[in-house]
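Only one structure is covered here, and it is reproduced in the block below.
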Amino acid sequence: MKNKELKFRVKQIQGPVQNQLMHSSDGQGYSPSVPGSYSHQTPAKIPPHQSSGQYNYSGSQNVSQLNNYQGPGQTLNRPPVAPFSRSPVQQTGPVPQVLLPVLQNSAAISSAGSFPPGASPPGLSNWQYSQTPVSQPVGSQASHLAHVTGTGSAQPPSSLSGNTNPPGSYQYAASPGGPPLQNSYVKPGSAPPPVTQPLTPLHPPARPPLGPPPVGGPPLIRPSTLIAGPPNTQSLLNSAANREGDATSAASDGSVVQNSYDAIEGGGLMATPHPSPAPPNLKMNRSVGYSYPTLPPGYQNTSPPGAPGMQASALQYPDGSKHFHQPALGTSHLTASMGGLSLQQEGLRPMNLLQERNILPTTLLKAPVPNLHEDIQKLNCNPELFRCTLTNIPQTQALLNKAKLPLGLLLHPFKDLSQLPVVTSSTIVRCRSCRTYINPFVSFLDQRRWKCNLCYRVNDVPEEFMYNPVTRVYGEPHKRPEVQNATIEFMAPSEYMLRPPQPPVYLFVFDVSHNAIETGYLNTVCQTLLDNLDLLPGNTRTKIGFITFDSTIHFYSLQEGLSQPQMLIVSDIEDVFIPMPENLLVNLNENKELIQDLLRTLPQMFTKSLETQSALGPALQAAFKLMSPTGGRISVFQTQLPSVGMGALKSREEPNQRATAKDIHLTPSTDFYKKLALDCSGQQVAVDLFLLSGQCSDLASLGCISRYSAGSVYYYQSYHHKHNPVQVEKLQKELKRYLTRKIGFEAVMRIRCTKGLSIHTFHGNFFVRSTDLLSLPNVNPDAGYAVQMSVEESLTDMQVVSFQSALLYTSSKGERRIRVHTMCLPVVTTLSDVYLGADVQAITGLLANMAVDRSVSATLSDARDALVNAVIDSLSAYRSSVLSIQQPGLMAPYSLRLFPLYVLALLKQKAFQTGTNAHLDERIFTMCQVKNQPLVYLMLMTHPSLYRVDNLTDEGALNINDRTIPQPPILQLSVEKLSRDGAYLMDAGSVMFLWIGKNCGQSFISQVLGVPNYGSIPQNMTHLPELETAESIRTIAFISWLREQRPFFPILYIIKDDSPLKSSFLQNMIEDRTESALSYYEFLLHIQQQVNK
């Protein structure tokens, strides 16, 4: 790129800025330089080859190359952007590579990048959608299979020495006590799970000098105080800029250490193993220990490994080493805690769906409880965080294929938790082969050895792990919090960093075109930002900046000492540059007054602007260049279709063609936003998109900027501060949640599973780095993820399997943390047991994610057909293979009784419905929600809850914080359940309807709605008055309680029989027939006809 005169104009902000000020011939020259804010670690990289995954439900990892992609590593001939840089880096050649400290506790740092030699990708399951991979157009939404190839060299941080945790951060919060750990899943007389050959470490484990147990008391114990709030989700780690290559560096001992987060977090089971001989005399032909008995006298005085008389090598124990001889649990391990047989009979009870109409539970459906011993089950992960579509895992892929049910996981990994054990320890204990974190489902062979529950390798217990700071007892590693909690968070030592933890950096990008100013959104956003400026997650290092744009890009200098902010206008949108190196991103605490001045001034600055063009693409490019030295979060507000510069789009929506399932434009019209998102991901930048538009803005294209950078999409249809005031409140509430919720930076997440199982497809907002490592530049507590799995090898002789997700992230306080969730499930060998453990909500959620991909890669009709076929295939398999006596009607196991209803609800949902006038952006936004929402919200959006609320009582009510919350029963979604004498609340997740019957009681109308009679109810009523009546208090308490349980704000519409919104209310009556969709009973008849073929 040749040097070029940079043209921009500096303007003191005093009043409204007219367009004529935005074009100036004054110029300044700058010498070319790489942007460098974290100057000592700006990498000189080889651009990676970006690729787009193919959509393919067989699970094979087919990856296609993306053409002509310029990676994020090109050198910029532009002024340095270094708000706090001391010495900008201008290297263009190879860079010294990172010298990572050796993990004290882990011998092998394995890389995850491919299947083991000889392993083939998982085979095609019969229930899956297509027999052949569907080729994916460039730029479409294929994040779950994208795989970056290429290498990148990284420059080391200046220092990784010293404790990275600030003083006072030592926490060891865990539930004191607890039951003894259950370690054996093996029935007496049965063969134990096979033990894989232990892997030879790349370097031997370093053990700290041995000595007496710690003295002077345990580390400071402090309960972790995480803000309790609406259920939320989150994800995992990646701290360095664009380290997805396979560059390596030599450690001081000459061994090879991977210099990427892929290596630091550790390889998954896809990592290539390094074979080594089995340890001598390791007897495994017996049941492993169930729990620790009282320690034998004198055991605590046994000399530790490495002391005189014992061998110090990793796994070599003399044949006569002490073993714990404990009674095994036997068959009771796999019986449910509530008395197995009756539970099993209920779960498998055949139901004729055509005859049993009232099958909907009157309370919210709960996740099924895995059929495990109660002592193990109470240690299991909360299903709100981690759940599987099948709580009984089929032993073979053939058995899974026969069941015609999808196998997958649904995660909400960064959910807000009121209680979370946080462990600060210099030793994070992990398996030396597969890098699994120690968890409640490992087996302790004795006090000094534990066996991994994922790969079955036997590992040493580190000396430090022998001491339990909670109980202050030495010699009870099985009682440590790490082994008593399925969800736990570690404070990560410096080995888990590629650079010092980044500061929280927030950049706001505002559309200020004439159309944007007309909506009035800028007043709401700036005021909400002003109100919550002090609540932004962060610390003394928090940085903030602002960009506005119409047909030009406007930067704002917030230099300390200025009396007011300065505007810098860049009119060259074809080759965007940063007009000054500093003061565009500034410290929030040190420049708060200037920032507040700017937020107060911005809404009035463009009121007279007549500029109608929108240069969103160039504005995002500018934002990326500004943020790339540090990483952080870009929040962009857009009100129309981008019309000039890179990324300009043309409307693809034909108003008269909304109703058909053919020719709907679900694929992006350009790959510009996907490419830019992958650049952002490589530099630890996430982009959140707020679309406030009354016209088609091609969300299918724009949404890629958030999808591949692990951001979020918010959509406010027809936003206008006067014409649609109810949207203003929604934006205020959701923006406050967005600004103040917890956030994790530079994160990566990896999901591991027991040997024999494999993960082949990911769903959510992220970029897949190195096969199974999800890159999450930002992780938020409201995001959900899903994965599809297959049984790659028979799970013979295994009674249980385990799944573990690990999310490595930087907190807003600058701490490197690892959040780990582990789930254990039983393995079964019969088809009836597979159906017994089916989780119908998780199955529906996973199928919805798959159907979105199918809509994009093929057509909406194909996706709808695949959803229907999923029901037909599973019920056909049940009828032919499980039912001993063939019966007339449509038979389903009790566990799947709601499956046809939920699939019909999906077919009527905005993402997949046909024959309606749903706007294209509205459909795309619903698809975004399907891919990014935790299961609990997705199900509410798919199958709303209906309550009668004109007769609320305190019977069965909840008492929360001195509030009484009524709990009315949930009703079926049919007009048959409505009475003209009542009032009914429909909770559809992101919207609520309160329908008032014509003959509703006078007391409800006056004491809850505050109007004298039915005719006085306003047409556009969206709020309930707070009245001092028992009925009003109950109704408002119930609605408020429902709203508080979610991160978004549902608008409440109060509707009558003649309300224009009545059609929207009736559209959600899933069981009733509509113009273009079958009723529930008709759908059951269709399924029955296909099943009986």
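The values are calculated or read from the model by the stated rules, or taken from the named source; none is laboratory data. Values in this document were obtained by computation on a predicted structure and should not be read as measured data. Please note: Cβ atoms are built from the backbone with ideal geometry, for glycine as well, and neighbour counts cover all protein chains shown. Ligands, DNA and RNA are excluded from the accessible area calculation, which covers all protein heavy atoms including side chains. Shrake-Rupley method; radii C 1.70, N 1.55, O 1.52, S 1.80 Å.
With the cut-off at 1.5 for a/c, could you classify the stretch 389-475 from its C-alpha gyration tensor as rounded, prolate or oblate? If you can, show how the numbers build up before the last one.
Values: a/c = 3.06, a/b = 1.65, b/c = 1.85.
Judged from the Cα gyration tensor, the stretch 389-475 comes out oblate (a/c at least 1.5, b/c at or above a/b).
Val636 sits among other residues whose Cβ lies under 9 Å from its own Cβ, and their net charge, with Lys and Arg +1 and Asp and Glu -1, is -2. Using bins of 10 Å that start at zero, the share of Cα-Cα pairs per bin across the stretch 534-584 amounts to 21, 44, 27, 7, in whole %. Pairs exceeding 29 Å between alpha-carbon atoms, taken from Lys366/Lys1062; Lys674/Lys722; Lys931/Lys1056; Lys378/Lys451: Lys366/Lys1062; Lys674/Lys722; Lys931/Lys1056.
Relative to the compact-globule estimate of 2.2 N^0.38 Å, the Cα radius of gyration of the stretch 863-952 comes out at 1.36. Here the gap between Arg1073 and Asn951, fully extended at 0.36 nm per residue and compared with their Cα-Cα distance, gives a gain of 41.1 nm. The largest-to-smallest principal axis extents of the Cα set in the stretch 972-1093 are 61, 34, 23 Å. Here the stretch 489-588 exposes an accessible surface that is 44 percent carbon and sulfur, computed with a 1.4 Å probe and the other protein chains kept in place.
How much of the accessible area of the stretch 701-832, in percent, comes from carbon and sulfur atoms when a 1.4 Å probe is used?
Values: 1270 of 2580 Å².
That fraction is 49 percent.
What does the accessible area per residue of the stretch 441-592 come to in Å², with a 1.4 Å probe and no ligands, DNA or RNA counted? Working shown, then result.
On the way: 3500 Å² over 152 residues.
Using a 1.4 Å probe on heavy atoms only, each residue of the stretch 441-592 averages 23 Å².
Probing with 1.4 Å while keeping every protein chain in the model, the per residue accessible area of the stretch 936-1093 equals 45 Å².
For Gln695 and Asp865, a Förster radius of 30 Å and the Cβ-Cβ distance give a FRET efficiency of 0.40, rounded to the nearest 0.05.
Among Lys733/Lys910; Lys415/Lys733; Lys625/Lys742; Lys608/Lys733; Lys650/Lys910, which pairs are too far apart, with a Cα-Cα distance over 27 Å? Intermediate results must be reported in sequence, preceding the final value.
On the way: Lys733/Lys910 24 Å; Lys415/Lys733 19 Å; Lys625/Lys742 25 Å; Lys608/Lys733 29 Å; Lys650/Lys910 23 Å.
Pairs exceeding 27 Å: Lys608/Lys733.
Return the distance in nm (one decimal) between the two label points of a simple spin-label model at Asn352 and Lys378, each offset 7 Å from Cα along Cα→Cβ. The modelled label-to-label distance comes out at 4.3 nm. Surface analysis of the stretch 673-785 yields an accessible area of 17 Å² per residue, using protein heavy atoms and a 1.4 Å probe. With distances taken between every two different alpha-carbon atoms, the stretch 1038-1093 has a Kirkwood hydrodynamic radius of 14.4 Å. Placing a pseudo-label 7 Å from each Cα along the Cα-to-Cβ vector at Gln596 and Ala1030 gives an inter-label distance of 4.8 nm. FRET efficiency for the Ile885 to Ile359 pair, using the beta carbon distance and R₀ = 25 Å, is estimated at 0.70. Using the Cβ-Cβ distance between Thr396 and Ser1003 with R0 set to 60 Å, the FRET efficiency works out to roughly 0.45. The alpha-carbon of Lys813 sits under 16 angstrom from the alpha-carbons of these aspartates and glutamates, leaving out residues fewer than 8 places away in its chain: Glu489, Asp534, Glu746. Enclosing the Cα atoms of the stretch 557-659 in their convex hull gives a volume equal to 157 cubic angstrom per residue. At q = 0.09, 0.11, 0.18 Å⁻¹, what base-10 log of I(q)/I(0) does the Debye formula yield for the stretch 779-916 when every alpha carbon is treated as an equal point scatterer in vacuo? At q = 0.09, 0.11, 0.18 Å⁻¹ the computed log10 ratios are -0.41, -0.59, -1.18.
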